[in-house]
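The values are calculated or read from the model by the stated rules, or taken from the named source; none is laboratory data. Remember, it's a predicted structure, so these values are computed and weren't measured experimentally. For neighbour counting, all protein chains shown are included, and Cβ atoms are generated from backbone atoms with ideal geometry for every residue, glycine included.
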Amino acid sequence: MNMESEAAVVLDKRGLVVMVASSLLFEPNSTRIRDAAKPLLIRLAELIASFPNLVRVEGHAARVPASTERFPSNNWELAAGRASAVVRYFIEREPIIAPRLTVVSYGDLHHIAPNDTKANRAKNRRVEIVFERFREEGEG
């Protein structure tokens, strides 16, 4: 889909993680999904439906002091709203996956780059779709 600069797939201790830049998914300070992002989200919903894993959709924000009336902290609420919008979109496309989805907001607490430049803040504004790894019996 030619989104290498705005999306990445990594494998970490949580499982398989699809990291998508908020700028690809949303307008600034918005939870409305861009039309251009819908083909990617439809494909991800189809992938979720084809695997039995639990899936956690995590919202992340950059540490910026500005806020809006709708998102007073500009971090927790906006990140939560964006993760929720993605989950809602997934469920509209593949209703059967609803019981396996979880929404999480980390606000600006789990940054992947320093918040010192515009480019780095853009990296921190993201949604991560985590296909949780299976746990062995007795594993925490």
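Quick notes on this one:
- Pairs where the first residue, in the range 44-71, is surrounded by fewer than 17 Cβ atoms within 10 Å (Cβ to Cβ) and the second is in a loop (DSSP other than H, G, I, E, B) and modelled with pLDDT under 90, C-beta under 6 Å, 6+ apart: R63/D108; R63/N115; A66/N74; S67/N74; T68/N29
- Of the candidates E46, E92, the single residue that is within 18 Å of V18 (Cα to Cα) and acidic (D, E) is E46.
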